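A short write-up of the structure that comes next.
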Amino acid sequence: MSGFKNKLINFLSVFPIKFLFRPIYGGEGSILFFHKVVENKRSGERVSLMEANEIEVDFLEKIILYVRKNGYQIISLDEMSARLDNPGKGKSKFVVFTFDDGYIDNYTLAYPVFKKHQAPFTIYLTNCFPNRSAKIWWYMLEDILLEQEEISIRVRDELRNFRCKKPKEMETAFVAIRDLFINASPNDQLELIDQLAGKYNKSIMAYVEAEALSWNEIEKLSSDPLVTLAGHTMNHITLNKVNSEEALAEIMDSKVEIESKIQQEVFHFAYPFGTRNEVNEPEVALVAESGAFKTATTTRMGNIFKSHVSAKFALPRIQVLGSQQKLAILDLYLSGTLPAIKNKLKRVVTL
Ligand SMILES: [Zn+2]
């Protein structure tokens, strides 16, 4: 985290600003979102280039204990949806835990913690994870950069070299190559994956096996009423880059396949990526008009208010970043202080 951000957070935490924000910006509660859960890292042991994506399991448990100690109820998405419909229901503020994509550690590391504390949580599943067709190139790239001192990639006819000996160099190279991937067409992306895998002796398939939930694990999770399985499209596509038939098929095929595997209905959905670059009115209308879901969440930052009853398919969330594992920061989110600053004092965030 930058020095400025640290100072701002210290200032906001020490100064009673959050006590002013909480009644106005705290809302009814918050939907938190995470991706991967990792074992506790001893500091300095290993550089993590995907740190923002990863939360330590001890910190996850601390959050559960902290929110309960501070009077929040941990509820499921179903319960949250019911509360929006019936404003009299549930007096205390709530926290909903959600995990995106379907990483295997949601089962091996997160689930035992939620089970121990009898707390509900949701996994938004992208079907290409258990179907083993996802190309989890970001973790392959991380490994290559950690192992090599210098790498080269041919982009069109140009050979580009990246130094990756020191942590700072690794981070710079990671961001630059990640941008190459993100901006590449699907075919060019496959070519980049093949090129890196071939040159640095990696199997891209090994990453989905190592990182993604299997259908067998998903079925086991689904038998526990604490766990909600929800949709996140078949292939984690950018919904506004395809036509509406394709977008709807990505959303509905995913729901139907999960339902057939777990023998339960799927009522909730999260838009892949979920920022204003990927999700706007047309995508929200598509999900709302499908009539297939009770709620849908974005990655816009904000807490949940009673008036979100009229925007149940564009609910904002709060990302808990692995690079910000401090309860003081979490409290600045839950109290609405950081969302208020980020949203220029706008209270109810939808799109
Ligand atoms: Zn996702």
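The values are calculated or read from the model by the stated rules, or taken from the named source; none is laboratory data. Treat the numbers as computed from the prediction; the structure is a model and nothing was measured. All Cβ positions, even for glycine, are placed from backbone atoms using ideal geometry, and neighbour counts span all protein chains on display.
A single entry from Asn235, Asn216 fulfils the requirement of being closer than 27 Å to Val284 by Cα and either more than 16 Å from the ligand (Cβ to nearest atom) or part of a loop (DSSP other than H, G, I, E, B) (or both): Asn235. Scanning region 81-104 for residues that are out of contact with any Phe, Trp or Tyr (no Cβ under 7 Å at 6 or more places or on another chain), under 30 Å from Ala134 (Cα atoms) and in a loop (DSSP other than H, G, I, E, B) yields a single hit, Ile104.
Conditions (1) surrounded by 14 or more Cβ atoms within 10 Å (Cβ to Cβ); (2) away from the ligand (no atom under 16 Å from the Cβ); (3) in the same structural domain as Gln324 (by TED's automatic domain parsing), marked per residue:
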site: Lys36; (1), (2), (3): yes, no, yes
site: Phe59; (1), (2), (3): yes, yes, yes
site: Lys62; (1), (2), (3): yes, yes, yes
site: Val67; (1), (2), (3): yes, yes, yes
site: Lys91; (1), (2), (3): no, yes, yes
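Pairing each residue of region 157-172 that is touching a residue at least 24 places away in the same chain (Cβ under 8 Å) with any residue that is outside any strand (DSSP E or B) and of a type outside the set (Val, Ile, Thr), provided the two are 6+ apart or on different chains, yields C-beta distances under 7 Å for Met170/Leu49; Met170/Leu145; Met170/Leu146; Met170/Cys164; Glu171/Leu49.
The set of residues in region 142-182 that are among the small types (Gly, Ala, Ser) and not in a helix (DSSP H, G or I) contains only Ser152. Applying the criterion of being closer than 24 Å to Val37 by Cα and aromatic (Phe, Trp, Tyr) to the residues of region 123-174, the residue that is surrounded by the fewest Cβ atoms within 10 Å (Cβ to Cβ) is Trp138. In this structure, is Glu259 surrounded by fewer than 19 Cβ atoms within 10 Å (Cβ to Cβ) and more than 16 Å from the ligand (Cβ to nearest atom)? Judged against the criteria, Glu259 is a match. Only residues that are assigned to a loop (DSSP other than H, G, I, E, B) and free of Cβ contacts under 8 Å to residues at least 40 places away in the same chain: list them for region 332-345, please. Across region 332-345, the qualifying residues are Lys344, Leu345.
For region 49-71, the condition holds for at least one residue, the condition being that it is closer than 21 Å to Gly302 by Cα and part of a strand (DSSP E or B). Might you check whether a residue that is more than 16 Å from the ligand (Cβ to nearest atom), crowded, with 17+ Cβ neighbours inside 10 Å, under 26 Å from Ala340 (Cβ atoms) and aromatic (Phe, Trp, Tyr) occurs anywhere in region 10-17? No, that holds for no residue. When Ala285 is tested against (1) without any contact (Cβ under 8 Å) to a residue 40 or more places away in the chain; (2) outside any helix (DSSP H, G or I), only condition (2) is not met.
What number of residues in region 267-285 are surrounded by 14 or more Cβ atoms within 10 Å (Cβ to Cβ) and either more than 21 Å from Phe97 (Cα to Cα) or away from the ligand (no atom under 16 Å from the Cβ) (or both)? Within region 267-285, residues that are surrounded by 14 or more Cβ atoms within 10 Å (Cβ to Cβ) and either more than 21 Å from Phe97 (Cα to Cα) or away from the ligand (no atom under 16 Å from the Cβ) (or both) number 6.
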